[in-house]
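Here is the structure we will look at, set down as structure tokens.
The values are calculated or read from the model by the stated rules, or taken from the named source; none is laboratory data. Quick caveat, the model's predicted, so the values are computed rather than measured. Here Cβ is always computed from backbone atoms with ideal geometry, including for glycine, and neighbour counts include all displayed protein chains. In case anyone asks, the SASA skips ligands and DNA or RNA and just uses the protein heavy atoms, side chains included. Shrake-Rupley method; radii C 1.70, N 1.55, O 1.52, S 1.80 Å.
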Amino acid sequence: IQPRQTAAVPFPSLHGRASHRQQQGVGRSGVLFSFFTSDTNVAFTRTRRLVYQKNSFLFFTQVFNDPIHGHIELPPLLVKIIDTPQFQRLRKIKQLGGGYYVFPGASHNRFEHSVGVGHLAGELVKALRAKQLEEPSLNSESLINDRDVLCVQIAGLCHDLGHGPFSHVFDGMFNPQADPNGEKWEHEDASILMFDHLVDDNKLTPVMNEYGLITEGDNENDLVFIKEMIKGSQLYKGRNNEKSFLYEIVANKQNGIDVDKFDYFARDCHHLGIQNNFDHRRFIVFARVCNVDGQLHICSRDKEMANLYDMFHTRNSLHRRAYQHRVKMAVEIMIKDALLKADQDQHFQIKWAKGKACRLSKAKKHMEAYTNLTDEVIEQILHYGACSSTPSSLEEAAQIIQRIMCRDLYQLVGEIKVAKFDYGKNNEDPIRNYTYFYSKFNPTIGFKIKPEEVSNLLPECFSEKHIRVYWKRRNDKRLEDAKKCFELLYITPPFLRVYVTESLYVKPIQMAARGPNAAQKQPASGPACCPGRNTEKTQKIYSLINLKIFKNSYSVV
């Protein structure tokens, strides 16, 4: 890259040394980069921009103009990670999976989200360090060091490396059906494997050592620490128990308040056109490390309780209006079905080296193949399926994808609410039960809020699950019959709920009955359990539901 020259910036160094000359250019990723030459090891511009210089080789920072966070600057090591094939593949994976087929603005990818999380992780850990330097009661100088800051930024940047095609469609919908007998697998597991592959394939271990990271041994191994933060582990092998609060920044298993949510709330709302009521910048300003019963945790000011509830309300709103949108889910079910069909075809495989290839469901075990597995797989299915000369499962997969393109989607038969909506901790209040606060009168001690301090306007239950039944077949007259069946089954007595299993057998589930005679309401099995509905019509409905002609005509989510 040949940067263009600009005029000298007459800005003296912190110690009154020589002025610095600024050079700018456009990097290969289309983003602005800048660096400064000087006779000092560390130079600052008027915005206090940090420059790295080692062994007379100039390392420059890179500036990304992000629509959410503005101009963000990442350290050179993060730029080297970004400029790898393993990270660049995130440009080809949609953040919201099939949401782009419903929301025209939801075209953003995992790439920009990961860059944003890496930025916010650095902002939060630096803010915590700045506040601790002002607190003499803590061992401030060693509590958060430069290595910790860099590791947290890398973990934020790499936390989503393991996402497959269409994000959660692959690990949440496709993989459980393609590999039902395999071990429980989540995209965080693949992120750790992909991070190892990224470091090895691009020979970044010596580069990390140059920046002061420890990549060998068992004593505070920084690679172990980064992978623990990606997974959200609480084993504390990469760092000792004193620094356990660092694990709450990227993937917070304590209460779900982390920079990953900060970015995707702001970014998804921006692209979906939905209002975001949570201000993550205000949270960062008021966050600090406090002592809670001998354990250090990230705490917020007690007056910030309402802002944190807004965060979980935003999460719920996004799930209701976008993430679990009925049409989006229909599209994602169709993508999942197409991937399953393609996985059954022995000729459709993911290649990664000469003579090496594997099926879609096996790619997660081979990071070389997984690097080539992105959203573009549906284009490959369409191409190879159209070229197929004989009927095959790949041709069926191509037909499903073609139906998506023509908007011939699965139809919703009905929906049942079986529990309460989720605030991130099942049926518990994540703020009152798992979040710590501090007061301005004692900013070093954290505490939980008292029940009487919680607003009475909050919901009593914090989780809700829906069961939706979709009809797969096109132009099928039985769709209306299925809707009538579903409607009849849904209006059963209040102490009964209907659950549709994979064989489309309708099984009533007893819920908590209310009232003085609740104990007497014990449902039996089969249609006779519906009081007042054991009629000839009901018997026909149950017979219709269990007919074999319904097989493979539905999908349950």
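Residue-wise, which Karplus ³J(HN,Hα) couplings in Hz belong to segment 191-206, taking 6.51 cos²θ - 1.76 cosθ + 1.60, θ = phi - 60°, and x for glycine or proline?
My calculation for segment 191-206 gives 4, 5, 5, 5, 5, 4, 5, 4, 5, 6, 5, 9, 6, 8, 4, x Hz in order.
Got a sec to turn the phi values of segment 224-240 into Karplus ³J(HN,Hα) couplings, 6.51 cos²θ - 1.76 cosθ + 1.60 with θ = phi - 60°, whole Hz, x for Gly and Pro?
Along segment 224-240, the couplings run 5, 4, 4, 5, 5, 5, 5, 6, x, 6, 10, 7, 6, 8, x, 9, 7 Hz.
Determine the sum of side-chain charges near residue 190: Lys and Arg each +1, Asp and Glu each -1, restricted to other residues whose C-beta is under 10 angstrom from that of residue 190.
Details: positive: 364, 365; negative: 160, 171, 186, 188, 189.
Once all neighbours under 10 Å are counted, the net charge is -3.
Would you check segment 303-355 for Lys pairs whose C-alpha atoms are within less than 22 Å, ignoring same-chain pairs closer than 8 in sequence, and give me the count? Each step should come with its number before you reach the end.
Values: 328/336; 328/341; 336/351; 341/351.
Taking segment 303-355 as the scope, the lysine pair count is 4.
Would you kindly state how much longer the chain becomes between residue 387 and residue 134 on full extension, computed as 0.36 nm times their sequence separation minus their alpha carbon distance, in nm to one decimal?
Numbers: separation 253, 0.36 × 253 = 91.08 nm, distance 6.76 nm.
Gain in length upon complete extension: 84.3 nm.
Suppose accessible area is computed on protein heavy atoms with a 1.4 Å probe; arrange 481, 179 from highest to lowest. Let's see the in-between values first.
On the way: 481 70, 179 35 Å².
The ranking, largest first, comes out as 481, 179.
Can you list residues whose amide H is under 5 Å from residue 413's amide H, if they're 5+ apart or on another chain and H is modeled 1.01 Å from N?
Here 469, 470, 471 satisfy the definition.
With labels modelled as points extended 7 Å from the Cα through the Cβ direction, what inter-label distance (nm, one decimal) is found for residue 66 paired with residue 473?
Inter-label distance under the simple model: 4.9 nm.
What is the Cα centroid distance between segment 332-368 and segment 207-261, reported in whole angstrom?
32 Å
Using heavy-atom solvent-accessible surface (probe 1.4 Å) with all chains present, what is the largest-first order of 468, 320, 129, 281? Don't skip to the end; give the middle numbers.
On the way: 468 30, 320 115, 129 60, 281 160 Å².
From most exposed to least exposed: 281, 320, 129, 468.
Can you give me the convex hull volume of the Cα atoms of segment 183-236, divided per residue and expressed in Å³? Walk me through the intermediate numbers first.
Details: hull volume 5.0 nm³, N = 54.
It comes to 93 Å³ per residue, whole-number rounded.
Using +1 on the beta carbon of Lys and Arg, -1 on that of Asp and Glu, and nothing else charged, what's the dipole of segment 167-219 about the Cα centre, debye to 20?
Dipole about the Cα centre, nearest 20: 140 debye.
Using modelled backbone amide H atoms (1.01 Å from N, in-plane), which distant-in-sequence or interchain residues come within less than 5 Å of residue 301's amide H?
438
For the modelled label position 7 Å from the Cα of residue 126 along Cα-to-Cβ, which residues of segment 61-98 have backbone nitrogen atoms closer than 19 Å?
61-82
Take residue 216 and residue 201, extend 7 Å from each Cα along the Cα→Cβ direction, and tell me the distance between the two endpoints in nm.
In this crude spin-label approximation the distance works out to 2.5 nm.
Kirkwood Rh and Cα-based Rg: tell me the resulting Rg over Rh for segment 320-361, rounded to two decimals. It would help to have the intermediate numbers written out before the result.
Values: Rg = 14.7 Å, Rh = 12.1 Å.
Rounded to two decimals, Rg over Rh is 1.22.
Tabulate in residue order the Karplus-calculated ³J(HN,Hα) for segment 157-165, using 6.51 cos²θ - 1.76 cosθ + 1.60 with θ = phi - 60°, rounded to whole Hz; enter x for Gly and Pro.
In residue order, the calculated couplings are 5, 9, 5, 10, 4, x, 5, x, x Hz.
Using the Cα centre of segment 193-313 as origin and beta-carbon charges of +1 (Lys, Arg) and -1 (Asp, Glu), tell me which of 193, 277, 249 is placed farthest towards the positive end of the dipole.
Of the listed residues, the answer is 277.
Testing the spin-label approximation: label points 7 Å from Cα along Cα→Cβ at residue 402 and residue 237. State their distance in nm.
Using points 7 Å along Cα→Cβ, the separation is 5.0 nm.
Normalized C-alpha radius of gyration of segment 207-315, against 2.2 N^0.38 Å?
On the way: Rg = 16.2 Å, N = 109, 2.2 N^0.38 = 13.1 Å.
For segment 207-315, the normalised Cα radius of gyration comes out at 1.24.
If you take every residue apart from residue 119 with its C-beta less than 13 Å away from the C-beta of residue 119, what net charge results, scoring Lys and Arg +1 and Asp and Glu -1?
Details: positive: 126, 267, 281; negative: 66, 73, 112, 123, 260, 263.
Residues near residue 119 contribute -3 overall.
If you place +1 on the Cβ of every Lys and Arg and -1 on the Cβ of every Asp and Glu, how big does the dipole about the Cα centre of segment 113-257 come out, in debye to the nearest 20? It would help to have the intermediate numbers written out before the result.
Numbers: 12 positive and 24 negative charges, 61 e Å.
Approximately 300 debye in magnitude.
Can you list the residues, at least 5 places off or on another chain, whose amide H is less than 5 Å from the amide H of residue 167, using H built in the peptide plane?
Under 5 Å from the amide H of residue 167: 94.
I need the Debye-formula profile for segment 112-226: one equal scatterer per C-alpha, no solvent, reported as log10 I(q)/I(0) at q = 0.11, 0.13, 0.15 1/Å, two decimals.
-0.48, -0.64, -0.80
Counting Lys and Arg as +1 and Asp and Glu as -1, each charge on the Cβ, what is the dipole of segment 73-122 about the Cα centre in debye, to the nearest 20? Provide the component values of the computation, followed by the final result.
Numbers: 6 positive and 3 negative charges, 48 e Å.
Computed about the Cα centre, the dipole is about 240 debye.
Bin width 10 Å, origin at 0, all Cα-Cα pairs of segment 236-382: what percent of pairs per bin?
9, 26, 22, 24, 16, 4, 0
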